[in-house]
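Undergrad: Before I ask anything, here is the structure I am working with.
Every number here is computed from the coordinates shown, using simple stated rules; none is lab data. As the structure is a prediction and not an experimental result, all values here were calculated from the model. Cβ placement follows ideal geometry from the backbone for every residue including glycine, while neighbour counts extend to all protein chains displayed.
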Amino acid sequence: KQWYQRRVAITAGAVVLKPLTSGMHNFVPAVIKYKNPSGDELVTFSSFLDNNPILSTTEYNRKHSPHLVDWLIFVGLCTPVLLIPFLMWHSSHSKYESLAAKAKKA
């Protein structure tokens, strides 16, 4: 009895299968039969997923890639939009700060 209880406590895991074909697949629940410690046979079902798409490896990689080139283009296009106004502000700010410092000394 104790062995059965320990076995049930650690019976967990995940199985990853690589599909042979991609596309929409209809999943049906699995039937799970087991006996409890009192000897009764129990029947249960796994989760029901209905219709789900299965992506091929190339589709999956394209969908979940980090898109580094896209991010580099985005940063390249955003840099002038942010940098030009900052440089204009900085040049006028430093000019007026130097004028204010001269006026304060005089």
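Undergrad: What's the magnitude of the charge dipole for the chain around its Cα centre, counting Lys and Arg as +1 and Asp and Glu as -1 at the beta-carbon? Answer in Debye, nearest 20.
TA: For the chain, the charge dipole is close to 580 debye.
Undergrad: Could I ask something else about it? Only one of the values [x] 10, 17, 15, 14, 11, 9, 9, 8, 5, 1, 0; [y] 15, 47, 31, 6, 0; [z] 13, 30, 16, 10, 10, 9, 8, 3, 1, 0 was calculated from this structure for P(r) over Cα pairs in 10 Å bins from 0, in percent; name its label.
TA: Correct label is [x].
Undergrad: Lysines near Lys33 by alpha-carbon distance under 23 Å, same-chain residues fewer than 8 away left out - which ones?
TA: Those lysines meeting the cut-off are Lys1.
Undergrad: Can you list the lysines whose alpha carbon is less than 23 Å from that of Lys104, not counting same-chain residues fewer than 8 positions off?
TA: Straight-distance partners of Lys104: Lys95.
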